[in-house]
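Asks: Okay, here's the structure, questions in a sec.
The values are calculated or read from the model by the stated rules, or taken from the named source; none is laboratory data. From a predicted model like this one, the values you see are computed outputs, not experimental measurements. No Cβ is skipped: glycine too gets one built from the backbone with ideal geometry, and neighbour counts run over all protein chains shown.
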Amino acid sequence: MIKGFNTICTHAGELEDEQYKGAVSPLYMSSSYAYEGVEQKRYPRYFNTPNQEAIAKKLAALEQTAGALVFGSGMAAVSTALLAFLSKGDHVVLQRTLYGGTFNLVVEEFEKFGIEYSFAGGLEKGDFEKAVQPNTKVIYVETPSNPLLGITDLKMVAAVAREHNLVSMIDNTFASPVNQNPSQFGIDIVIHSATKYLGGHSDILAGAVCASDEHIEKVFSLGKNLGGNLSDYTVWLLERSIKTLGLRVKAQNKNALKMAKFLKKHKAVSRVFYPGLKDHPGHEIAKEQMNGFGGMLSFELDEAIDVSAFLEGLKLIKPSMSLAGVESTILSPAKTSHALVPAEELEQQGISDRLLRFSLGIEDKKDLFGDIEQALQEAGYKG
């Protein structure tokens, strides 16, 4: 039985090349399969091509769930999972500090479906319980959160869900299965933007849902009608990428902790958000439920620093829209990931124009520190 995490990444769910005995899983590109005289009728939109089934087994093994499905994007996974358990007249409780795309999906689209929603006022048990209503069916969280790295207690969320007979869901993208397995804390459904750490090379778009067989069946039932499946070539690329997931993320964890400490001491930086720092409000909970503090952090530059000039001055770290690649990237959430969130909501969440979200890659720390220093000099920092 496969037990080691890196062994799971490498071998779980792999397909055997029975004809040529190749070392990697073969790729089945067909979009049409026989229906007569076969045990299973296969069709890409039904999530059951050979490569789709193989990657589902690997994802389920990584998240320690019974089953999984892979989607065409993270938002396809998020939207299908939520809508699979919510109908007209139902209500969902959500953590307020969410990825901007998820926030936008809820506030712009749910009213059309007659679905009610409430955002918890904070991250404590009472905040979520106050938001629960008689028609609540789902509780949805994200930890660490995007972009402020807030930490939500997963045991607490699971307990609230059990007490009120709710389905609990989490966006586990920022943590990745390397750092956190929410199912082990009682969370029902684990969602990923597989574009990020699971893909890890900034070259594919994908999403994933991991859960019990019962919950996966409900997600599948809606998913086959919405058609958010992933092409087999991209599935094959994702399976290839996951083989190095453990190695990549551990290196990114290490870089992020060192960078957070470096920025914390820097006079040009006013605030640093990283759960690995001891003064982070969620540090103790993160220590309890995470295996590593992650490769993501955020920080605010001092008011004397021109943010745009700083970004333009970077030579190695790439100002770029996404995250979690092997290369370090940085962005302004207010201009990108949370651009569609209303200004008053951004202010309430504490997402300012000076906030920068930093995704650490696997480069040498000295090179990253040096790039930060020279970009600050370009931006007029005299310290």
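Asks: Yes or no: the stretch 76-86 includes at least one residue that is at positive phi, in the same structural domain as residue 196 (by TED's automatic domain parsing) and not hydrophobic (A, V, I, L, M, F, W, C).
Replies: Residues of the stretch 76-86 at positive phi: none.
So far as the stretch 76-86 goes, no, none of its residues is at positive phi, in the same structural domain as residue 196 (by TED's automatic domain parsing) and not hydrophobic (A, V, I, L, M, F, W, C).
Asks: Just give me the residues in the stretch 38-73 being closer than 19 Å to residue 182 by Cα and either among the hydrophobic types (A, V, I, L, M, F, W, C) or in a strand (DSSP E or B) (or both), in sequence order. Reasoning before the result, please.
Replies: Filtering the stretch 38-73 down to residues closer than 19 Å to residue 182 by Cα leaves 56-70.
Matches in the stretch 38-73: 56, 59, 60, 61, 62, 66, 67, 68, 69, 70.
Asks: Working carefully through the options 67, 72, 100, find the one that is in contact with a Gly (Cβ under 7 Å, 6 or more places away or on another chain), of a type in the set (Gly, Ala, Ser) and not assigned by TED's automatic domain parsing to the domain that holds residue 341. Full working, then the answer.
Replies: Numbers: 67 fails: in contact with a Gly (Cβ under 7 Å, 6 or more places away or on another chain); 100 fails: in contact with a Gly (Cβ under 7 Å, 6 or more places away or on another chain).
Unique residue meeting the criteria: 72.
Asks: If you scan the stretch 8-29, which residues turn out to be exposed (fewer than 12 other Cβ atoms within 10 Å of the Cβ) and of a type outside the set (Phe, Trp, Tyr)?
Replies: So in the stretch 8-29, the residues exposed (fewer than 12 other Cβ atoms within 10 Å of the Cβ) come out as 16, 18-23, 29.
Of everything in the stretch 8-29, those that are exposed (fewer than 12 other Cβ atoms within 10 Å of the Cβ) and of a type outside the set (Phe, Trp, Tyr) turn out to be 16, 18, 19, 21, 22, 23, 29.
Asks: Given the options 176, 202, name the one that is more than 28 Å from residue 345 (Cα to Cα) and not charged (D, E, K, R). Show your work before the answer.
Replies: Details: 176 fails: more than 28 Å from residue 345 (Cα to Cα).
The conditions single out 202.
Asks: Quick one: which residue in 315, 278 is surrounded by fewer than 15 Cβ atoms within 10 Å (Cβ to Cβ), touching an Asp or Glu at 6+ places or on another chain (Cβ under 7 Å) and outside the structural domain of residue 207 (by TED's automatic domain parsing)? Let's see the steps before the verdict.
Replies: Numbers: 278 fails: touching an Asp or Glu at 6+ places or on another chain (Cβ under 7 Å).
None of the others qualify; the one that does is 315.
Asks: In the stretch 204-219, how many are of a type in the set (D, E, K, R) and over 21 Å from residue 184 (Cβ atoms)? Quick ask: steps written out before the conclusion?
Replies: From the stretch 204-219, those of a type in the set (D, E, K, R) are 213-214, 217-218; that's our starting set.
Narrowing the set further to residues that are over 21 Å from residue 184 (Cβ atoms) leaves 217-218.
Going through the stretch 204-219 one residue at a time, the tally reaches 2.
Asks: Is it the case that residue 203 is more than 19 Å from the chain's Cα centre (by Cα) and surrounded by fewer than 21 Cβ atoms within 10 Å (Cβ to Cβ)? Before you say what the answer is, go through the steps one by one.
Replies: Details: more than 19 Å from the chain's Cα centre (by Cα): no; surrounded by fewer than 21 Cβ atoms within 10 Å (Cβ to Cβ): yes.
In short, no.
Yes/no matrix, rows are residues, columns are (1) in contact with a helix residue (DSSP H, G or I) (Cβ under 7 Å, 6 or more places away or on another chain); (2) crowded, with 20+ Cβ neighbours inside 10 Å:
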residue	(1), (2)
263	no, yes
269	yes, no
273	no, yes
285	no, no
301	yes, yes
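Asks: So which residues in the stretch 350-367 are closer than 23 Å to residue 249 by Cα and in contact (Cβ under 8 Å) with a residue 24 or more places away in the chain?
Replies: Of all residues in the stretch 350-367, those closer than 23 Å to residue 249 by Cα come to 356-367.
If the condition is that a residue be closer than 23 Å to residue 249 by Cα and in contact (Cβ under 8 Å) with a residue 24 or more places away in the chain, then 356, 357, 358, 359, 360, 361, 362, 363, 365, 367 are the ones that fit.
Asks: Then there is this: Please go through (1) more than 15 Å from the chain's Cα centre (by Cα); (2) buried (at least 17 other Cβ atoms within 10 Å of the Cβ); (3) among the aliphatic types (A, V, I, L, M); (4) part of a helix (DSSP H, G or I) for residue 93 and return the number of the only condition it doesn't satisfy.
Replies: Among (1) more than 15 Å from the chain's Cα centre (by Cα); (2) buried (at least 17 other Cβ atoms within 10 Å of the Cβ); (3) among the aliphatic types (A, V, I, L, M); (4) part of a helix (DSSP H, G or I), the lone unmet condition for residue 93 is (4).
Asks: I need the full set of residues from the stretch 250-262 which are of a type outside the set (D, E, K, R) and either within 24 Å of the chain's Cα centre (by Cα) or not assigned by TED's automatic domain parsing to the domain that holds residue 286 (or both), in order please.
Replies: If we filter the stretch 250-262 for residues that are of a type outside the set (D, E, K, R), which is where we start, we get 251-253, 255-257, 259-260, 262.
Those that are of a type outside the set (D, E, K, R) and either within 24 Å of the chain's Cα centre (by Cα) or not assigned by TED's automatic domain parsing to the domain that holds residue 286 (or both): 251, 252, 253, 255, 256, 257, 259, 260.
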